[in-house]
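Asks: Got a structure here, written out as structure tokens. Questions coming.
Values quoted throughout were computed directly from the atomic coordinates according to the rules given, and no laboratory measurement underlies them. Predicted model only: the values in this text are computed from it and were never measured. With ideal geometry, Cβ positions are generated from the backbone for all residues, glycine too; neighbour counts draw on all protein chains shown.
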Amino acid sequence: MQLLDGKKIASEIRKELKEKIDVLKSQSKSVPGLVAILVGENPASQIYVASKSKACEEIGMKTKVEKFPSTLSEKELISIIDKYNSDNEYHGILVQLPLPKHINENKIIESISPKKDVDGFHPMSVGNLVIGKETFVSCTPAGIQELLKRYYINTRGKHVVVVGRSNIVGKPIANLMLQKNDYANSIVTVCHSAASDISYYTRQADILIAAIGQPEMIKGDMVKEGVVVVDVGINRIEDKTSSKGYRIVGDVAFDEVSAKASFITPVPGGVGPMTIAMLLSNTFKAYKLYGE
Ligand code: GUN
């Protein structure tokens, strides 16, 4: 078994981007910029946004976090986004999800200019992905594909089984792996909570992508020998032996499944760091395409 070391690969990607930004700076050019918008006090969202913004700073990108109370209205949020849609210094706009209940997420996502949609959530970006046009691919699926690519994992004709059908991971990774190009061209199955027996599907996987949000749900007897496993889950479970009182686990029972896998992502240190690296990469792409 070999680990798919997302932490290491993400750090390589950040270094590559930093080198490109250093060149821009040495030529006295403008640099890519990302604005992250956070509404409300969700603790996980606060941590995610802080680490995204820190990652931007570390590679020399311009970055700003705009924080608003959960009482912000939908109309106010749209006018803030509008302001950044026409701000030349910010090439990417990220609105951290989930949003407070009184704000319609779809409406907010649609108000972001597709040219600045570095999260790849806009219906235009999603549509382009489905029909195989160059676009912003959402960061977690893009990170998974990049990880497979950098470990030279053959995906052509392989059976990719995705567990989970979210708009952020399940649906886009399925579409990405279906594309007729390198590091995709797979046979794709998406299964989800309505399946009476998930293991019927997971046992067929050459490449298993678990994005369910259920701690350690995928057990050793649910996969075949030699499977490549990508665990997207980040779940907190109680652990009295830890000083924090909890520990982070994925959607995959790591010890059991890694005994059968050829490759597997650890949690933490697998997909998570790749998501942030792809956000930086999408922001750089937005700058190159529309902002330089
Ligand atoms: N919430 C959970 N994941 C994400 C993400 O990738 N982007 C945004 N904007 N919000 C999220």
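Asks: Tell me, which residue of the stretch 257-281 that is more than 16 Å from the ligand (Cβ to nearest atom), not in a helix (DSSP H, G or I) and not aliphatic (A, V, I, L, M) is surrounded by the fewest Cβ atoms within 10 Å (Cβ to Cβ)? Break it down stepwise before answering.
Replies: Of all residues in the stretch 257-281, those more than 16 Å from the ligand (Cβ to nearest atom) come to 257-266, 269.
Pick out the ones that are also not in a helix (DSSP H, G or I) and you get 259-266, 269.
Still in the list and also not aliphatic (A, V, I, L, M): 260, 262-263, 265-266, 269.
On the way: Lys260: 17, Ser262: 15, Phe263: 19, Thr265: 28, Pro266: 18, Gly269: 17.
That would be Ser262.
Asks: If you check Ser45 against the conditions, is it in contact with a Pro (Cβ under 9 Å, 6 or more places away or on another chain), farther than 30 Å from Tyr152 by Cβ, hydroxyl-bearing (Ser, Thr, Tyr) and assigned to a helix (DSSP H, G or I)?
Replies: Working: in contact with a Pro (Cβ under 9 Å, 6 or more places away or on another chain): yes; farther than 30 Å from Tyr152 by Cβ: yes; hydroxyl-bearing (Ser, Thr, Tyr): yes; assigned to a helix (DSSP H, G or I): yes.
Yes; evaluated as a whole, the condition is true for this residue.
Asks: Return the total of residues in the stretch 113-140 being within 10 Å of the ligand (Cβ to nearest atom) and of a type outside the set (Ser, Thr, Tyr).
Replies: Keep residues of the stretch 113-140 that are within 10 Å of the ligand (Cβ to nearest atom), which gives 118-121, 138-140.
Checking which are of a type outside the set (Ser, Thr, Tyr) leaves us with 118-121, 139.
So the count comes out to 5.
Asks: Filter the stretch 72-86 down to the residues that are among the hydroxyl-bearing types (Ser, Thr, Tyr) and in contact with a strand residue (DSSP E or B) (Cβ under 9 Å, 6 or more places away or on another chain) and list them by number.
Replies: As a first pass, look at the stretch 72-86 and keep what is among the hydroxyl-bearing types (Ser, Thr, Tyr): 73, 79, 84, 86.
The one that is among the hydroxyl-bearing types (Ser, Thr, Tyr) and in contact with a strand residue (DSSP E or B) (Cβ under 9 Å, 6 or more places away or on another chain): Tyr84.
Asks: While we're here: Give just the number: which of (1) surrounded by fewer than 19 Cβ atoms within 10 Å (Cβ to Cβ); (2) assigned to a loop (DSSP other than H, G, I, E, B); (3) in contact with a Leu (Cβ under 9 Å, 6 or more places away or on another chain) does Lys115 not satisfy?
Replies: Every listed condition holds for Lys115 apart from (2).
Asks: Still on this structure: Search the stretch 26-52 for residues being touching a Leu at 6+ places or on another chain (Cβ under 8 Å) and polar (S, T, N, Q), and hand back the single one that is surrounded by the most Cβ atoms within 10 Å (Cβ to Cβ).
Replies: Ser45
Asks: Output the residues belonging to the stretch 123-182 that are outside any helix (DSSP H, G or I), within 17 Å of the chain's Cα centre (by Cα) and not hydrophobic (A, V, I, L, M, F, W, C). Even if it seems obvious, please write down each step before you answer.
Replies: First, pick out the residues of the stretch 123-182 that are outside any helix (DSSP H, G or I): 131-138, 151-169, 179-182.
Then drop every residue that is not within 17 Å of the chain's Cα centre (by Cα), which leaves 135-138, 162-169.
Within the stretch 123-182, Thr135, Ser138, Gly164, Arg165, Ser166, Asn167 meet the criteria.
Asks: Here's something else I'd like to know. Taking the options Tyr84, Tyr90, name whichever one is closer than 30 Å to Glu19 by Cβ, within 16 Å of the ligand (Cβ to nearest atom), in contact with a helix residue (DSSP H, G or I) (Cβ under 9 Å, 6 or more places away or on another chain) and assigned to a loop (DSSP other than H, G, I, E, B).
Replies: Working: Tyr84 fails: assigned to a loop (DSSP other than H, G, I, E, B).
The match here is Tyr90.
Asks: Let me ask something else. Write out, first by first residue and then by second, each pair whose Cβ atoms fall under 6 Å of each other, whose residues are 6+ apart or on separate chains, and whose first residue, in the stretch 202-229, is over 16 Å from Phe263 (Cα atoms) while the second is assigned to a helix (DSSP H, G or I).
Replies: Correct list of pairs: Ala211/Gly170.
Asks: Next question. Does Leu208 satisfy being at negative phi, surrounded by 24 or more Cβ atoms within 10 Å (Cβ to Cβ) and more than 16 Å from the chain's Cα centre (by Cα)? Reasoning before the result, please.
Replies: On the way: at negative phi: yes; surrounded by 24 or more Cβ atoms within 10 Å (Cβ to Cβ): yes; more than 16 Å from the chain's Cα centre (by Cα): yes.
Yes; evaluated as a whole, the condition is true for this residue.
Asks: Here's another thing I want to ask about it. Would you mention how many residues in the stretch 1-12 are hydrophobic (A, V, I, L, M, F, W, C) and surrounded by fewer than 22 Cβ atoms within 10 Å (Cβ to Cβ)?
Replies: So the first thing to find is which residues in the stretch 1-12 are hydrophobic (A, V, I, L, M, F, W, C), and the list is 1, 3-4, 9-10.
Next, from what is left, pick out any that are surrounded by fewer than 22 Cβ atoms within 10 Å (Cβ to Cβ): 1, 3, 9.
Adding up the residues that qualify gives 3.
Asks: Let me ask something else about it. Where residues in the stretch 236-256 are part of a loop (DSSP other than H, G, I, E, B) and within 16 Å of the ligand (Cβ to nearest atom), which of them is nearest to Lys7 (Cα to Cα)?
Replies: The first filter runs over the stretch 236-256 and keeps only residues part of a loop (DSSP other than H, G, I, E, B), leaving 239-245, 250-251, 253.
Still in the running and within 16 Å of the ligand (Cβ to nearest atom): 250-251.
On the way: Gly250: 15, Asp251: 18 Å.
This residue is Gly250.
Asks: For the list (1) within 16 Å of the ligand (Cβ to nearest atom); (2) under 17 Å from the mean Cα position of the chain (by Cα), I need the number of the one condition that Ser11 fails.
Replies: Exception for Ser11: condition (1).
Asks: Pull out all pairs, ordered by first then second residue, where Cβ-Cβ is under 6 Å, the residues are six or more apart or on different chains, the first lies in the stretch 94-114 and is closer than 17 Å to Phe68 by Cα, and the second is charged (D, E, K, R) and within 10 Å of the ligand (Cβ to nearest atom).
Replies: Leu94/Asp119; Leu99/Glu105
Asks: Please find, within the stretch 72-106, the residue that is surrounded by the fewest Cβ atoms within 10 Å (Cβ to Cβ) out of those that are under 16 Å from Ser138 (Cα atoms) and of a type in the set (Val, Ile, Thr).
Replies: Ranking the qualifying residues of the stretch 72-106, first place goes to Val95.
Asks: Here's a follow-up. Hey, among Tyr183, Tyr152, which residue is in contact with a helix residue (DSSP H, G or I) (Cβ under 7 Å, 6 or more places away or on another chain), among the hydroxyl-bearing types (Ser, Thr, Tyr) and at positive phi?
Replies: Working: Tyr152 fails: in contact with a helix residue (DSSP H, G or I) (Cβ under 7 Å, 6 or more places away or on another chain).
Criteria check complete, one pass: Tyr183.
Asks: Would it be correct to say that Glu58 is within 28 Å of Gly233 (Cα to Cα), within 16 Å of the ligand (Cβ to nearest atom) and either β-branched (Val, Ile, Thr) or surrounded by fewer than 20 Cβ atoms within 10 Å (Cβ to Cβ) (or both)?
Replies: no
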